[in-house]
Amino acid sequence: MFETMRRLHPRGAANRGVCVDGDGAMLGPDWALVERAAAGYRVAQRGASRDVQKALLIDRDAPDWLFEQGQRIADALNRGEVALAQIYGLRIPAREIDGGQLKRLASIATLTKSGFDPDEPRIPAGQPRGGEWTTGGNGSGGSDNSGASPDSGDISARPSGERAAPPATASRSEEFAPVRAQFFDHQSNDGANNAAPGRGNSDANIVPASYTVAPSRGGRDASSSADESGVAGLEAYLIEAGYNLTPEMWKAVRALYRLYVTPGSTLSSLWSYLAENGLNFDELPSIIRSLFDAPKPLAELQTNKPPAGFYSEAELKRYLGDPPPGYEWHHIIEQNGQFRPDLTSPEGIRTWIQNTANMVMVPVIKHYCINGIMSRKPNGTLTVRTALKFHEPAFQRDVGFGFLKFCGVIR
Amino acid sequence: MIEKPGSAWNDDRLIDYIRKWAIERSKCGRDGYAANRIDERYIFPAANALKRRGSSSVSKLLPLLHHSNADVRLAAASIAYEADKPECRKVLEELAKTLNMAGIMALMTLSVKEGPDAVPNPRALWGIKE
């Protein structure tokens, strides 16, 4: 009997099995079968789930068994039935994932995060735009997302034209591999979880998905300039969030980000870049324009609505509505993974976390910068994000203000 | 080709390597991801190599507490904290007074080393007003 017993694993780098918790369901440390998003829990792409099912040698007659199990988990989590979701998780026969399988999962996770869906057909070679994926732009070609729709709960379900493009070549996906590890380090923050369709990305510079692969930076090796890791992660962050840019705008994003993070940089250096490159500010996409916003008083970046607290992020976000284009809602006190009773009790959540006073509108690129600070490791193991959670709410809030000030969001 | 710390390296070479990469880290500014990469690829492995050799090796970092670069002082105080707590704490508290990456990391290093109750109030340190 004990030979067939399974257990759930805790989330994190040491995860060698199935984890089901309030943030979703993970297989191994890297691959999310179910993720929490602003609109609820969503299951991974059908094609990726099929690949994972194969990689884990899950012996089921139905090739989509894992995808369907993910849907059951997502449905249970959406109903608040975590225990039932965990029971579904226990039914996934992945007891101890071995090294080879972990690598395969990480690779699938990388491709998934960059928008790759193995089910999606490509334009045949030899034709104009041959090899490109058919989704996006005018939507011609009709990617087979196996019935996925915005309501289906499938992560791959995004409105046509908003979906990030896949890596163009195998080498591109390899290039994403080291980025992915960093990306996961900050996946639990609200910014990453906001990756939902329709998030302030209706700019003129958003283009058909076929153009969205960030142009090559001419080779990146481990010993090249250190800031590449931040730049590459930013690309993944924006693609994940559905911001599809022209090659010219990708170039601008990278250059402006580098200028923005440079010690002692000022807004004037960003303006100089535009002037030197003949770029018209008004024609830039909102995610770039918002980087130019000078630090503001906190009150200007919070809602005008009456103060209110809620028991869930979904309720709070409904109350707040969408942030302006180029901005994202940011929780000053981290919402995920808190363990202090004063922040995990329903009253604590309502008072400190899912509260209008804890929400601030942050330019997307500056939000990414805050996530980077939160992912640093003061002692080599604990991240800043985790270390903060040992502190009382007021301390966490004050440090959160410090991050906002340091990143030029508030003054 | 970047050299990696190995058992053939003596303490001085490891310390110089930490100093050099801490200076590189200080150029990352607001880019926490780039700073993390330097930590994980260069500074932490060298720090771990020093720690494995014992406290006398780690103590050789203490002169860097007076280095002109804030990130070098931060690296020295974080890695050699147990070797001279009062002196390292003083350096971290001083660094934490400035709201920049080194200051934030100094505050959080104190939090990790000493626990949440022993950390200065960020509101007072950074002039936070609501």
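Read the figures in this text as sums done on the coordinates, not as results from a lab. Just so we're clear, the structure is a prediction, and the values are computed from it rather than from any experiment. As a convention, Cβ positions derive from the backbone with ideal geometry for all residues, glycine included, and neighbour counts pool all protein chains shown.
Structural remarks
- Charge tally around B:L50: other residues with Cβ under 10 Å, Lys/Arg +1 each, Asp/Glu -1 each, net +3.
- Rough spin-label spacing in nm, given labels placed 7 Å along Cα→Cβ, for A:A83 and B:E3: 6.1
- Extended-chain gain in nm, criterion 0.36 nm per residue less alpha-carbon gap, A:K251 and A:D64: 63.4 nm
- Considering only the Cα atoms of segment A:298-406, their convex hull presents on average a projected area of 6.6 nm².
- Candidates per trypsin sites (Lys or Arg not before Pro) in segment B:56-115, loop by DSSP, up to 14 other Cβ within 10 Å: B:K97
- Taking 7 Å steps out from each Cα toward its Cβ at B:E40 and A:K103 produces label points 1.8 nm apart.
- When peptides A:386-394, A:356-364 are sorted by average Cβ neighbour count within 10 Å, with the highest value leading, the order is A:356-364, A:386-394.
- Estimated FRET transfer efficiency when R0 is 51 angstrom, pair B:L62-A:E276 (beta carbons, to 0.05): 0.65
- Projected area, mean over directions - chain B, Cα convex hull, nm²: 8.4
- Inter-chain Cβ neighbour count for A:69-76, averaged per residue, equals 0 (cutoff 10 Å, partner chain atoms only).
- Sorted peptide list for B:117-130, B:42-55, criterion being average Cβ within 10 angstrom, highest first: B:42-55, B:117-130
- A crude spin-label estimate for the pair B:D117 and B:N69, with each label 7 Å from Cα along the Cβ direction, gives 3.8 nm.
- For segment A:2-101, the fraction of C-alpha pairs more than 15 angstrom apart is 56%.
- Sorting A:W271, A:W329 by the number of Cβ atoms found within 10 Å of their own Cβ, with the fewest placed first, yields A:W271, A:W329.
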